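A short worksheet on the structure shown next.
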Amino acid sequence: MSPTPNPNPTPTPAPSPDDALASRLQRLEDKESLRALMIHGWRALDRRDWRTWIECWAEDAVLEFGPWKQVHGREAVLAKVVAAEAPYTSMQHHILNMDFQVRGDRATGVGYMWFVAVADPGRTASPYAMGGPYDWDFARDAGGWRLTRQRLGVWWTSGEDALGSFTNP
């Protein structure tokens, strides 16, 4: 025989207006922190400040990029990106249309990449460029938000990857 349901269950109290406001404010702060993390890190790439950039990544992070397949671990991601990007004279990493979803200490995000690299400063009218979608996973640790996975697709390219950094595995 099943137990008789309580005819007068205690209703779950609705969150107070202060709790609801605090929750909304925390989500906004988290989204701004994620946006700032990405801008801070990717501007560091343009300056070749590899250490600042890689500090945006978790120790066990995964980078997925078409020609490179998967790269596992923060130091392996750093080595792969430095090898590919260091030979270029100058670079610009643009991250566009970022959108984040936060669930506690985990978050996901999407955006678009527009990357421009100059191999020969005398030929700046013909830089190599590529663009496509970013798909990110994040986790918050004691130091703040960190990137745990980045998937990057290439939808278009322009110019020649003269150094073969992005078209050769």
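Surface analysis of the chain yields an accessible area of 59 Å² per residue, using protein heavy atoms and a 1.4 Å probe. Any chance you could give the angle, 0 to 90 degrees and rounded to 10, that helix 17-46 forms with the longest Cα principal axis of the chain? That works out to roughly 10 degrees.
Extending 7 Å from the Cα toward the beta-carbon at both Arg48 and Ala162 defines two label points whose distance is 1.6 nm. Taking a ≥ b ≥ c as the square roots of the eigenvalues of the Cα gyration tensor, the stretch 45-84 is oblate, since a/c reaches 1.5 or more and a/b is not larger than b/c. Tell me whether the stretch 75-169 comes out rounded, prolate or oblate; compute the Cα gyration tensor, take square roots of the eigenvalues as a ≥ b ≥ c, and use a/c under 1.5 as the rounded threshold. Prolate shape, in that a/c is at least 1.5 and a/b is the bigger ratio. The order of Asp135, Asp30 by accessible area, most exposed first and with a 1.4 Å probe, is Asp135, Asp30. Mean projected area of the convex hull spanned by the Cα atoms of the chain, taken over all viewing directions: 15.1 nm².
In the chain, the longest principal axis of the Cα atoms and the axis of helix 74-85 are about 30 degrees apart.
In terms of its C-alpha gyration tensor, the stretch 20-99 comes out prolate, because a/c is 1.5 or above and the ratio a/b outweighs b/c. The Cα atoms of the stretch 64-123 define a convex hull whose projected area, averaged across directions, is 5.6 nm².
As a fraction of the 1.4 Å probe accessible area of the chain, surface on carbon and sulfur atoms comes out at 54 percent.
Rounded to whole Å, the principal axis extents of the Cα atoms in the stretch 126-169 read 43, 20, 18, largest first.
The values are calculated or read from the model by the stated rules, or taken from the named source; none is laboratory data. In this text, all values refer to a predicted model and were calculated from it rather than measured experimentally. Positions of Cβ are generated from backbone atoms using ideal geometry, with glycine treated the same way; all protein chains shown enter the neighbour counts. Ligands, DNA and RNA are stripped out before the accessible areas are found, and what is left, the full protein with its side chains, is counted by its heavy atoms. Shrake-Rupley method; radii C 1.70, N 1.55, O 1.52, S 1.80 Å.
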